[in-house]
Each structure stands twice: as structure tokens, then as C-alpha cells.
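Presented below is the structure to which this report refers.
Where a number appears in this text, it was derived from the coordinates with a stated rule and is not lab data. Remember, predicted model here, so these are calculated numbers, not experimental data. Neighbour counts are summed over all protein chains in view; Cβ atoms, including those assigned to glycine, are modelled from backbone coordinates with ideal geometry.
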Amino acid sequence: MTEPTAQPTAPRRPRALTAVLLAVIALGLLAAGGGLAVAAGIGRSDTPAADSVDAGFSRDMSRHHLQAVEMANLALTNSADDEVRRLAFDISATQTNQAGRMQGWLALWGLPATSSEVMGWMDDGAMAGHDMGGMSGHGVDPAAAADGAVMPGMATETELTELRGLSGQAFDVLFLQLMTRHHQGGLEMAQYGEDHASEPAVASLARSIAQSQTAETTTMEQMLRARGGAPLPAP
């Protein structure tokens, strides 16, 4: 009797192909974001002003998201842990989609996708729980801001460089630490957007972000401890 032939495992995609596919997905989702905005009626009349909560949230949260996507994409190539890779794929796909929607709204409103000022759309009371560290309205230490962490929870360029150079469990621990802090930093923006956005679609997305990132933070803290790590101080 012939022994059953073992089924070959699917090889991992080369890093270059993975990067190309993710770039194609990102472009497609950016276009889809505009289409969803049209379907929701956003951008047709009485569009938000450049200094509105809706516009500020869309600009800053999409920028915040894109760093999370960058870190998640690193996990798809640098991690050998299937649980970490699944989490990273979910974060990359979800936050690429959400960033595309927010950038699509800004385009329909005729507003710039970026601004030199961050979080100016949030009143001072919203940041009262943060150590301002000389960065009024940001809640970010000046040294961290100078190193690229311009919003609460964001990783510095130094931290990203360290993450890029790791693999195995050392990568997984730092990735989970940085992503947990990243989610914590974005939560207050999401909650403020949910409470103060004038466009129902923006408030709805902000609420979805707050809920999903709260749940993912709990999951990542559990994953981190299971791998011998501990969360970084919350922003």
C-alpha cells in the first residue's frame, strides 16, 4: 500500500512581492475610501473647514495609522510567530482601509491631506491627562517629537530602526510593545473624534477605531506577557 504523499507547505512570499501587493492594496483602498465617502454623501455640500474636528481627525488619525501599518508590515517579514503575523496582517489591512477612507474624505472636501500642526483640532482639556513635556497640545516629549514621534503613542525613528533590525522573539516583543503603546496613544483622538465630529460617517469611524483598538490592546498585552515581555509606559 502506497504511503500518502505529504502535502507541501506553501512557501512564504518573497519580501519584495509582499511589499508590492501591500502597495497595490493600499492604493485600491485609498480609491475605495473616496467611493465610500461619495456613497455616504460626504463632500457634496457644507463640507468641513480645514480647522474642523472632522478634517483634523482625518488628517492626524490617518497619519497615525500609517505608522502602525508600517510596523505591521515589518512583522509580516521579520516575525516567525504565526499569532503575531495574523495580528499584524489584521492591523495592516484594517488601518490601511481606514486611512484610505479618511484621505478620501479630505480629497472630497478639497482639503490638504497633511498639516504642519498636529492635534490642534482637540481642545486643551482633551489632553489634560498627558504630560505635555513642553509640547502644548501634543502630549509628546520634545525629544521624542524631534525623533519623529509627533503624536502620542507613535514610535520614534530610533525605535523603528531598532525594530527593523530584529527578528524572532526579540522582534515580537518590541513589536507588541510599540504597537500596544501606539494603540493607546490613538485612543484619545478616536474618542474625541467620536464625541465632536459633525459628519456622522467620521464619528462612526472614530467610534469603530476606539472599540477595535481597545480590544486589540488587551490582546497584545496578553500576547506580550506570554512572550516574556511587559508593556511600555502608556503615553
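Details
- Counting all C-alpha pairs of the stretch 142-194, share separated by more than 19 Å (%): 33
- Per-peptide average of other Cβ atoms within 10 Å, ordering 173-183, 108-118 highest first: 173-183, 108-118
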